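Reviewing the structure listed below.
The values are calculated or read from the model by the stated rules, or taken from the named source; none is laboratory data. Not measured: the values here are computed from a predicted model. Every residue, glycine as well, gets a Cβ built from its backbone with ideal geometry; the counts of neighbours run over all protein chains shown.
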Amino acid sequence: MQQLACREQDEQRAAQIAHGRAPRPSLDARRCVAGTPLQIEALLRTAAAHGDADAQRYLLAQRVSELLQRAVAAAPAGMPAQLSANDEQEVAATVAELETLALAGHRDAIETLAQVVESPLLHAPDPVYAAAWRLAARQPPGRALDAADPLQAEDELLESMPQQQQQQAHALAVELFGYCCRTRVAAAR
């Protein structure tokens, strides 16, 4: 019975970690043996397989982080780090999965996606795409955006970009907003 209670608490803890909330364990939880990182990862994978978007995003971000860290560790001293062709393909597949979550309105996935696509370790980082996603996520839901109107936080997010890139990011943000963020069904997290 104790083992079942501990397993349930471990599953709840893994879900809280995936959601970015890891409160202090209760007195009952302290009697349980802490799960190993492999057990926690298994719980996260199970949650992700059952459709938990937070767990999916967490695991995708973790995988990209591992790939980027491996590239940095493998780079010769004094040389810029770059991903191998295989790692670049794996990042591209991960980006596609993050885009699926982002298009469903998952705010954390939008930020994770933006961080990945603007990484200088990619062969072709895309700061315009990253800025467009961030800009789309900052707009209030419930109404369509007019491409001619300024967007909320536009100056803040785009100020370091050349004018042409600002225009591209603005136009793309308006389009992305229509897909991901206008109704914010999943974005209420």
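Reported count of residues in region 117-128, each being within 19 Å of Gln164 (Cβ to Cβ), of a type outside the set (D, E, K, R) and surrounded by fewer than 18 Cβ atoms within 10 Å (Cβ to Cβ), is 3. Taken over region 52-72, the criterion of being among the polar types (S, T, N, Q), free of Cβ contacts under 8 Å to residues at least 40 places away in the same chain and closer than 14 Å to Leu113 by Cα is satisfied by Gln62, Ser65.
So that you can scan it fast, the table gives a plain yes or no per residue for (1) among the acidic types (Asp, Glu); (2) under 19 Å from the mean Cα position of the chain (by Cα); (3) in a helix (DSSP H, G or I); (4) modelled with pLDDT under 95:
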{"position": "Leu121", "(1), (2), (3), (4)": "no, yes, no, yes"}
{"position": "Ala132", "(1), (2), (3), (4)": "no, yes, yes, no"}
{"position": "Gln139", "(1), (2), (3), (4)": "no, yes, no, yes"}
{"position": "Gly142", "(1), (2), (3), (4)": "no, no, no, yes"}
{"position": "Ala148", "(1), (2), (3), (4)": "no, no, no, yes"}
{"position": "Gln152", "(1), (2), (3), (4)": "no, no, no, yes"}
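Checking Ala171, Ala148, Ala153, Ala132 one by one, the residue that is crowded, with 19+ Cβ neighbours inside 10 Å and not hydroxyl-bearing (Ser, Thr, Tyr) is Ala132 and no other. Has region 158-165 got any residue that is assigned to a helix (DSSP H, G or I), crowded, with 23+ Cβ neighbours inside 10 Å and more than 17 Å from the chain's Cα centre (by Cα)? Within region 158-165 (the criterion being assigned to a helix (DSSP H, G or I), crowded, with 23+ Cβ neighbours inside 10 Å and more than 17 Å from the chain's Cα centre (by Cα)), the answer is yes, since at least one residue qualifies. Contact map, region 117-135: first residue in contact (Cβ under 8 Å) with a residue 40 or more places away in the chain and over 18 Å from Leu83 (Cα atoms), second residue in a helix (DSSP H, G or I) and of a type in the set (S, T, N, Q), Cβ cut-off under 6 Å, separation 6 or more or different chains; pairs are Val128/Gln165; Val128/Gln168. Figure legend. Inter-residue proximity from region 166-179: first residues part of a helix (DSSP H, G or I), second residues polar (S, T, N, Q) and crowded, with 18+ Cβ neighbours inside 10 Å, beta-carbon distance below 9 Å, spacing 6+ or different chains. Indicated pairs: Ala173/Gln139; Val174/Gln139; Phe177/Gln139.
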